[in-house]
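**Q** Handing you this structure, nothing more for now.
The values are calculated or read from the model by the stated rules, or taken from the named source; none is laboratory data. All values reported here derive from a predicted model rather than from experimental measurement. All Cβ positions, even for glycine, are placed from backbone atoms using ideal geometry, and neighbour counts span all protein chains on display.
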Amino acid sequence: MANLKDIKNRIQSVESTKKITRAMKMVAAAKVKRAENIVKASRPFTAELNNMFSKLLNSIGNISDCKPKIKSAVDNYPSLLKAREINEAGILVLTSNKGLAGAYNANVIRKTLKLVEDYSNQGIKCKLFIVGQKGISVLRKKCKAFDCEIVAEYFNAANNPSPEAASIITEDIAKYFVEEKIDRIEIVTTRFKNMMSYYVEDWIVLPVQQPAGTQQVDPLMEFEPDMPTILQRIVPMYITNIIYQALLEAQASELASRMTAMSAATSNAENMLRDLSIEYNKTRQTAITQELIEVVSGANAQNN
């Protein structure tokens, strides 16, 4: 049985851990509500933009003859909309910079490795664009087992999702796609559901996928200057918005997972403290009883 000093040191250690987990839980709870509001507010815009883009793309017809003025890779929308045989795939992986978020990062990394393995079995190489320190540190080691490489790493986007960060990522992946270094780009991210749960999902970004059954725009609608010019402006907005929405969903999921994990850790610490207190009292009572027995035995020995 452990002595009183050891038990007391364990109690102090668990109490210190409990203070940390409780503080992290409170911080995550304060942030996750704001992140949830931002995600829910952005979803209607994303859905309407996707609907409008799909209708415009379905109405314009053949885009191979369109010759837009190219300013950057993401502005070359005919190339971005063109599907081709997949020889190399790009995967944008969204993880966090910090740990202690339960199984959040592990789930995203597991999904990514499964996707890389599936592509590898088909003879398709993979290039990874990774957001977040946790994903970078793990996938640097894991990728050695597969025929894939990390071509871009992003740190700030994990902590501060913004349209600017999404634009940087969009331009990088569009450049690889236009230069035919990759033939498809997918996002491994999480879909925020509520404070207690999220889903790990795989979104195909490029080439742009047109949903089945998409309607055309109203024939009475007029476009200035013309459809191709408008499409050239919408395609970068559409792709950037998908990545921005994925960043928002990932951040909300991470905070929710961290809040849940820290809540469970705090509860476990309280249970452990209760058990340790009982053990401490029992050990203390045993020590007192032993001392009384020794005193009485000593007194009896002297009387005899």
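**Q** Please determine whether any residue of the stretch 148-162 is touching a residue at least 40 places away in the same chain (Cβ under 8 Å), surrounded by 15 or more Cβ atoms within 10 Å (Cβ to Cβ), touching a helix residue (DSSP H, G or I) at 6+ places or on another chain (Cβ under 7 Å) and within 30 Å of ARG22 (Cβ to Cβ).
**A** yes
**Q** Next question, about the same structure. Let me spell it out: the conditions are (1) part of a helix (DSSP H, G or I); (2) at pLDDT 75 or above, and LEU57 meets all of them except one. Which number is the exception?
**A** (2)
**Q** Report, by residue number, each residue of the stretch 181-200 that is loosely packed, with under 14 Cβ neighbours inside 10 Å and under 12 Å from the mean Cα position of the chain (by Cα).
**A** Correct list: TYR199 only.
**Q** Pick from the stretch 72-100 the residues that are at pLDDT below 85 and small (Gly, Ala, Ser): which of them is farthest from LYS181 (Cα to Cα)?
**A** If we take residues in the stretch 72-100 being at pLDDT below 85 and small (Gly, Ala, Ser), then GLY99 is farthest from LYS181 (Cα to Cα).
**Q** So if I check each of SER16, SER42, which one is of a type in the set (Ser, Thr, Tyr) and either loosely packed, with under 15 Cβ neighbours inside 10 Å or outside any helix (DSSP H, G or I) (or both)?
**A** SER16
**Q** Still on this structure, please answer the following. Checking ILE234 against (1) β-branched (Val, Ile, Thr); (2) surrounded by fewer than 23 Cβ atoms within 10 Å (Cβ to Cβ); (3) modelled with pLDDT of 85 or more, which test does it fail?
**A** Answer for ILE234: the failing condition is (3).
**Q** Of all residues being under 14 Å from the mean Cα position of the chain (by Cα) and charged (D, E, K, R) in the stretch 100-143, which is surrounded by the fewest Cβ atoms within 10 Å (Cβ to Cβ)? Just the residue, please.
**A** ARG110
**Q** Here's something else I'd like to know. Give me the pairs: first residue in the stretch 131-143 and touching a residue at least 60 places away in the same chain (Cβ under 8 Å), second residue not in a helix (DSSP H, G or I), beta-carbon distance under 6 Å, and six or more apart or on different chains, which are they?
**A** Cβ pairs passing all conditions: VAL131/LEU94; VAL131/TYR154.
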